[in-house]
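Read the structure below first, then the notes.
The values are calculated or read from the model by the stated rules, or taken from the named source; none is laboratory data. Keep in mind that what you see is a predicted model, and the values were worked out from it rather than measured. Cβ placement follows ideal geometry from the backbone for every residue including glycine, while neighbour counts extend to all protein chains displayed.
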Amino acid sequence: MPSRIALFSLLVPDYDDALRFFTGIGFECREDTDLGGGKRWVRIAPPGGQTEILLARTVGDRQGAAIGEQGGGRVWLFLETEDFEADYRRMQAQGVVFETAPRDELYGRVAVWRDPWGNRWDLIQFANADRSGTVTA
């Protein structure tokens, strides 16, 4: 039986621009392999993260139109932090634009941000929760 999601694809228009952005906000480049024909296998993740993102350079109009729309306009990516304030300040210093001010919710401290391609993310530090986000007493 499968035990975890190992990685998922994130559509981007250019590998190098995406690598610069994500490494600039603290992600690690775990692999960058040339597959020929302009394709690369580029895996990134936050330090210590298990699930990785495969940066997928789009080909053609259909894929290009889906850049930034994989979540249908909703927050669909959740970047967990153990030090919200430090990571929030570091990301702002790197030019990340936050759509919302940080706020405290029952489940933790959160702020919504967009990557350069329009994907909406939560920066989140869970409060009194297990790693799944389930609030515990």
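Of all residues assigned to the range 61-75, at least one qualifies as being among the small types (Gly, Ala, Ser), farther than 14 Å from Ile25 by Cβ and in a helix (DSSP H, G or I).
Applying the condition of being closer than 24 Å to Glu80 by Cα and either of a type in the set (D, E, K, R) or in contact with a Gly (Cβ under 6 Å, 6 or more places away or on another chain) (or both) to the range 33-63 and asking which residue is surrounded by the fewest Cβ atoms within 10 Å (Cβ to Cβ) yields Arg43.
Working only within the range 87-117, note down all residues that are within 16 Å of Ile25 (Cα to Cα) and of a type in the set (Gly, Ala, Ser). Answer for the range 87-117, where residues must be within 16 Å of Ile25 (Cα to Cα) and of a type in the set (Gly, Ala, Ser): Ala93, Gly95, Ala111. Scanning the range 1-32 for residues that are touching a strand residue (DSSP E or B) at 6+ places or on another chain (Cβ under 8 Å) and in a loop (DSSP other than H, G, I, E, B), which turns out surrounded by the most Cβ atoms within 10 Å (Cβ to Cβ)? This residue is Phe27. Contact annotation: residue pairs with Cβ atoms under 9 Å, 6 or more positions apart or on different chains, pairing a residue in the range 84-104 that is of a type in the set (Asp, Glu) with a partner that is at pLDDT below 95 and surrounded by 11 or more Cβ atoms within 10 Å (Cβ to Cβ), are Asp104/Ala127.
Looking across the range 36-60 at every residue that is touching a residue at least 40 places away in the same chain (Cβ under 8 Å) and assigned to a loop (DSSP other than H, G, I, E, B), the one that is nearest to Arg20 (Cα to Cα) is identified as Thr58. Candidates Asp34, Asp115, Asp130: the one that is among the acidic types (Asp, Glu) and modelled with pLDDT under 95 is Asp130.
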